[in-house]
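**Student:** Just dropping this structure here.
The values are calculated or read from the model by the stated rules, or taken from the named source; none is laboratory data. Note that the structure is predicted; figures quoted are calculated from it, not measured. Using ideal geometry, Cβ is built from the backbone for each residue, glycine included, and neighbour counts are taken over all protein chains shown. All accessible areas refer to the heavy atoms of the entire protein, side chains included, with ligands and DNA or RNA removed. Shrake-Rupley method; radii C 1.70, N 1.55, O 1.52, S 1.80 Å.
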Amino acid sequence: MADSSDSVSVDMETISLGGKEYLVKTCFGAVSVVVFGDQDKPALVTYPDLALNHISCFQGLFFCPEASSILLHNFCIYHISPPGHELGAAPIGSDDLIPSADDLADQIVEVLNFFGLGAVMCMGVTAGAYILTLFAMKYRQRVLGLILVSPLCRPPSWTEWLMNKVMSNLLYFYGMCGMVKELLLKRYFSKEVRGSVVAPESDIVQACRRLLDERQSINVCRFLEAMNGRPDLSEGLRKLHCRSLIFVGENSPFHSEALHMTSKLDRRYSALVEVQACGSMVTEEQPHAMLIPIEYFLMGYGLYRPTLSISPRSPLSPSCISPELLSPESMGLKLKPIKTRISL
């Protein structure tokens with residue numbers, strides 16, 4: 001279990017459900033881990049997208065009552081923030097080495113070792129999904145399964161690389177300015193919730209905009225640089241035999257990336273869920289769309305038992321994935337949009 005001499009523990013009064021923050025010292029600097037739940041339960045590790053932390057990336061999903069009954073009932077949640085992305089983080093020194101994507105994946109092992117964890121379930125969004133996938137490829141014995149939201153597995157395209165460079169320069173010279181926030185919000189959310197001249201910006205986008213104001217620009221810049229230099233994981237994905245459940249918003253700028261990744265994974269162990277009328281951050285924009293697929297996914301591990309007298313077998317079990325999930329046409333199932341907000 002965690003040794004208090006190796007970390008600083010901080011009670012998070014602003015967060016419900018009794019979360020506690022640990023600042024874990026690693027070879028690549030201190031990393032914030034917010035822990036929810038009973039540490040005797042199996043572990044679910046989360047990793048957010050660029051410029052986000054567990055509040056701005058996973059709150060929508062974990063604060064759903066239905067998600068709580070599935071996830072918090074079965075797991076202790078370990079929310080890992082990218083270095084310097086936690087609440088109240090100070091700017092990281094400009095002289096400190098910028099960790100690579102490999103370094104960030106290695107950092108997760110140090111976190112698991114600190115808490116005395118063996119194999120864990122992983123959930124990541126976009127950049128966080130990439131880091132957790134890389135972690136699973138490097139340390140296969142430490143990963144039970146992957147739940148990935150709008151994941152990346154290839155190096156950045158020229159368009160993404162150029163956009164990241166523009167963002168990096170803006171962050172360096174102007175900080176978390178309006179232009180950077182707009183670029184990030186386009187990365188996370190569909191046009192429908194970002195609003196327009198005639199439709200107001202949704203509550204989730206407004207809340208995310210406020211939380212972005214709290215990020216230290218130098219810290220975001222470091223994670224951005226690490227992701228801009230990420231290597232291609234495509235060829236190693238076929239050997240990844242932990243079960244993988246991939247969600248992607250139909251309107252995500254990384255939709256084609258998720259399709260590519262699914263095509264490279266072993267079809268016996270993976271499935272794709274495309275969520276209509278949704279951007280990249282399904283966890284915030286349409287969290288209810290994730291519940292049934294996650295429920296079935298966990299049934300394959302014997303972690304979730306529905307109240308039905310006859311429990312259907314998981315469609316993600318290697319022996320019984322339905323052919324429709326793996327057809328070349330859809331590579332998954334399509335969900336109709338689920339209304340998670342009230343139109344005013």
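**Student:** With all pairs of different alpha carbon atoms counted, what Kirkwood hydrodynamic radius in Å does region 119-180 show?
**Tutor:** Taking every pair of different Cα atoms in region 119-180, averaging 1/r and inverting gives 13.3 Å.
**Student:** Okay, next question. Among 165-175, 19-29, how do they line up from the highest to the lowest mean number of other beta-carbon atoms within 10 Å?
**Tutor:** Ranked from most to least packed, the peptides come out as 19-29, 165-175.
**Student:** Mind pulling the per residue volume of the convex hull built on the Cα atoms of region 69-142? Å³ is fine.
**Tutor:** Details: hull volume 8.9 nm³, N = 74.
Cα convex hull per residue, to the nearest whole number: 120 Å³.
**Student:** Between Phe247 and residues 5 or more places away or on another chain, which pairs have amide H atoms under 5 Å apart, with H built 1.01 Å from N, and which residues are they?
**Tutor:** Excluding prolines and chain starts, which carry no amide H, the hits are Leu148, Val149, Ser150, Val273.
**Student:** Further question on the same structure: In whole Å and largest first, what semi-axes does the C-alpha gyration tensor of region 36-174 yield when each eigenvalue is scaled by 5 and square-rooted?
**Tutor:** Output for region 36-174: semi-axes of 27, 17, 16 Å.
**Student:** When the Karplus curve 6.51 cos²θ - 1.76 cosθ + 1.60 is applied with θ = phi - 60°, which whole-Hz ³J(HN,Hα) does each residue of region 63-68 get, with x for Gly and Pro?
**Tutor:** For region 63-68, the Karplus-derived couplings read 8, 5, x, 5, 5, 4 Hz, x marking Gly and Pro.
**Student:** Binning at 10 angstrom from zero up to the longest distance, how are the C-alpha pair distances of region 171-287 distributed in percent?
**Tutor:** 12, 34, 34, 18, 2
**Student:** Using the Karplus curve 6.51 cos²θ - 1.76 cosθ + 1.60 with θ = phi - 60°, work out ³J(HN,Hα) for each residue of region 258-270 in order, rounded to whole Hz, and write x for Gly and Pro.
**Tutor:** Once rounded to whole Hz, the list reads 5, 5, 4, 4, 4, 5, 8, 6, 5, 5, 6, 10, 9.
**Student:** Around Val143, which amide H atoms from residues at least 5 apart in sequence, or from another chain, sit under 5 Å from its own amide H, with H modelled in the peptide plane?
**Tutor:** Correct list: Val120.
**Student:** A follow-up question, please. At 1.4 Å probe size, with every protein chain present, just tell me what the per residue accessible area of region 21-119 comes to in Å².
**Tutor:** On a per-residue basis, region 21-119 sits at 34 Å².
**Student:** Which shape class applies to region 108-248: rounded if a/c is under 1.5, otherwise prolate when a/b exceeds b/c and oblate if not, where a ≥ b ≥ c are the square roots of the Cα gyration tensor eigenvalues?
**Tutor:** In terms of gyration-tensor shape, prolate.
**Student:** Can you tell which of Tyr174, Leu233, Cys208 lies farthest toward the positive end of the dipole of region 162-265, using +1 and -1 charges on the Cβ of basic and acidic side chains (Lys, Arg; Asp, Glu)?
**Tutor:** Checked the options; the winner is Leu233.
**Student:** Which of Lys20/Lys186; Lys20/Lys138; Lys25/Lys165; Lys138/Lys239; Lys41/Lys239 have a Cα-Cα distance over 20 Å?
**Tutor:** Pairs exceeding the cut-off: Lys20/Lys186; Lys20/Lys138; Lys25/Lys165; Lys41/Lys239.
**Student:** Can you work out the Karplus-derived ³J(HN,Hα) for every residue in region 33-42? Use 6.51 cos²θ - 1.76 cosθ + 1.60 with θ = phi - 60°, whole Hz, and x for glycine or proline.
**Tutor:** Karplus values, whole Hz, x for Gly and Pro: 10, 9, 10, 10, x, 7, 6, 7, 7, x.
**Student:** Under a 5 Å amide H to amide H cut-off, with H placed in plane at 1.01 Å, what residues pair with Ser190 once short-range neighbours are removed?
**Tutor:** Residues meeting the criterion, in which the H sits 1.01 Å from N, are Gly279, Ser280.
**Student:** Keeping every protein chain present and rolling a 1.4 Å probe, give me the accessible area per residue for region 168-315 in Å².
**Tutor:** Averaged over the residues of region 168-315, the accessible area is 44 Å².
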